[in-house]
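Notes follow the structure.
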Amino acid sequence: MSNKTKSAMAFILFMGIVSLFADMTHEGARSVYGNYLNLLGASATVIGFVTGLGELLGYSLRYVTGRIADETKNYWTMTILGYTVNVIAIPCLALIPDTGWVWASILIVAERVGKAIRQPAKNTLLSFAASQNGLGKGFAIQECMDQIGAFLGPVLLYYVVLMKSGTGALRTYSWGFAALGMPAVCCIACVLLAKRSFPHPETFEPVKQKKETMHLQKSFIWYMAAICLTAFGFIDFPLITMHVANNGLLRTEELPLLYAGAMLVDAVAALTFGWMFDMIGMKVLMISTLVAAPFAFYVFTATSREAVYMGVVLWGIGMGAQESTLKSAVSMIMPRGLRSTGFGIFETGFGIAWFAGSFLLGALYDWSLPLMISISVLVQLAAIPVFWYTSRCMKQAV
């Protein structure tokens, strides 16, 4: 392994630590968003709308922030600003009054906007380094460290909730959000140190001499169609936690652990499918989608803890595969100098589909649970032949 390859791997691991602390913060809070908003007075429709809107802005703004990053090449500035907004919104939730679901919703959306600011630039920095070690492997390592943080955050929240359980559910959550301020501070400190240690990650990937022009390949268009179907049918976790809590399948203080378990599965799935992506390409997404699609059936028809756990395991598999392989495919398709824009287009489409799906499925939860489950499963399965055709187009373009 050359010194350049070793340095690239060190950068990936360093940024993994940044992501670990970031995910401790916002995924710790995310583990109770559904029940938290419900306790503040929000309905399932409102929860679906708020979480969907957060994902819509969190993804759709990435086209703008991606273009800004490509035009200015200020990848570090966008990354640091985004991480700061992303993590600071969480401890601010500790200040929300007992009926302040509107203010809580604003902060939840703001947290997603922070992620929109930093994500295309951060993914571009990582893609430079991952080019030295394998794109699937590089993004898989990053996602695995993400999910270690996403596991530790809910566990931290669980212990805070456990210690403060006698103060009432809302007050307990406030203590938990305040405690998540600790990894938030660590995240900001680490990303600043990462910039100081690796000021020019773009040197990891050689510059191609030919001029790079923006055009959408046939494979990218079909790829967008496939990931939009996946995003539309993939129910967000706040609706799962609300359902489980309202039906007495788990106690309120156990909800963070349920999410922590999902994140642990996500981490293992990310590594597994990321390594597989470097070997068999797009077929990985067909396999993972087929495995994960039935999660809604297990969760929302559950009458036992075991059925809930099965559904959450499948949900975690789907999330892990998406996070580690979807970005790898974008890095393969888009040229180096336009990669932030490519990530922005990809994540904008993903976010719009996620918002539409979250809002519709949240509304269907209040109206017809069987219909909600059917749409979730069937739309995800419909993505499989589109992923297959995308893979075929990519092979023809080589």
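The values are calculated or read from the model by the stated rules, or taken from the named source; none is laboratory data. Because the structure is predicted, anything quoted here is derived from the model rather than measured. We place every Cβ from the backbone using ideal geometry, glycine too, and count neighbours over all the protein chains shown. We work out accessible area using only protein heavy atoms, side chains counted, and drop any ligands, DNA or RNA first. Shrake-Rupley method; radii C 1.70, N 1.55, O 1.52, S 1.80 Å.
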Helix 255-280 sits off the longest principal axis of the Cα atoms of the chain, rounded to the nearest 10 on a 0 to 90 degree scale, by 20 degrees
In whole percent, and with a 1.4 Å probe on the protein chains, what portion of the accessible area of segment 138-287 is carbon and sulfur?
67 percent
Give me the accessible area of residue 393, 1.4 Å probe, in Å² rounded to the nearest 10.
10 Å²
With a cut-off of at most 15 other beta carbons within 10 Å, and DSSP calling the residue loop, which trypsin sites (Lys or Arg not before Pro) in segment 112-172 qualify? Please list them.
none
What does the C-alpha gyration tensor say about the overall shape of segment 241-387? Classify as rounded when a/c is under 1.5, otherwise prolate if a/b is larger than b/c, or oblate.
prolate
For segment 82-176, what's the relative contact order in percent, using C-alpha pairs closer than 8 Å and at least 6 residues apart?
29 percent
In cubic angstrom per residue, the convex hull of segment 107-167 built on its Cα atoms measures 84 Å³
Treating each Cα of the chain as an identical point scatterer and ignoring solvent, apply the Debye formula and state log10 I(q)/I(0) at q = 0.06, 0.14 Å⁻¹.
-0.21, -1.22
Can you list the residues of segment 34-67 with backbone N under 17 Å from a point 7 Å past the Cα of residue 363, pointing along Cα to Cβ?
43-54, 56
Here the gain from full extension of residue 185 to residue 283, 0.36 nm per residue of separation minus their alpha-carbon distance, amounts to 31.3 nm
Stretchable slack from residue 200 to residue 291, in nm (0.36 nm times residue separation minus alpha-carbon distance)
28.8 nm
Which one, 61, 91, 40, projects farthest toward the positive side of the charge dipole computed for segment 22-154 from Cβ point charges (K/R +1, D/E -1)?
61
Quick one: how many Å² of residue 392 are accessible to a 1.4 Å probe, rounded to 10?
120 Å²
Let's test the formula: R0 of 25 Å, r as the Cβ-Cβ distance of residue 268 and residue 217. What FRET efficiency results, to the nearest 0.05?
0.20
For residue 24, the accessible surface traced by a 1.4 Å probe with all protein chains present amounts, in square angstrom to the nearest 10, to 30 Å²
Virtual paramagnetic centre 7 Å along Cα→Cβ of residue 193, amide N under 14 Å, in segment 11-30
11, 13-22
With a 1.4 Å probe and all protein chains left in place, how much accessible area per residue does the chain have, in Å²?
38 Å²
May I ask for the angle, rounded to the nearest 10°, between helix 135-163 and the longest principal axis of the chain, with both axes built from Cα atoms and the value confined to 0 to 90°?
20 degrees
Only Cα pairs under 8 Å and at least 6 apart count here; give the relative contact order of the chain as a rounded whole percent.
30 percent
Restrict the search to segment 100-187; then list the chymotrypsin sites (Phe, Trp or Tyr not before Pro) that DSSP places in a loop and that have at most 14 other Cβ atoms within 10 Å of their Cβ.
none
Cα-based Rg (one decimal) and Dmax (whole number) for segment 70-178, in Å?
17.3, 53
Whole-percent carbon and sulfur share, accessible surface of segment 338-387, 1.4 Å:
83 percent
Can you tell me the dipole magnitude for segment 15-94 around its Cα centre, using point charges on the Cβ only (Lys, Arg +1; Asp, Glu -1), in Debye to the nearest 20?
80 debye
For the chain, find the longest principal axis of its Cα atoms and tell me its angle to the long axis of helix 283-292, 0 to 90°, nearest 10.
0 degrees
Among rounded, prolate and oblate, which fits segment 152-288 when a ≥ b ≥ c are the square roots of the eigenvalues of its C-alpha gyration tensor, a/c under 1.5 means rounded, and a/b larger than b/c means prolate?
oblate
For the pairs 4/122; 4/395; 137/283, flag any whose C-alpha to C-alpha distance is greater than 27 Å.
4/395
What is segment 345-398 by shape, rounded, prolate or oblate, if you read a ≥ b ≥ c off the alpha carbon gyration tensor as root eigenvalues and call it rounded for a/c under 1.5, prolate for a/b larger than b/c, and oblate otherwise?
oblate
Equivalent ellipsoid, segment 37-107 (semi-axes from 5 times Cα gyration tensor eigenvalues, Å):
30, 15, 6
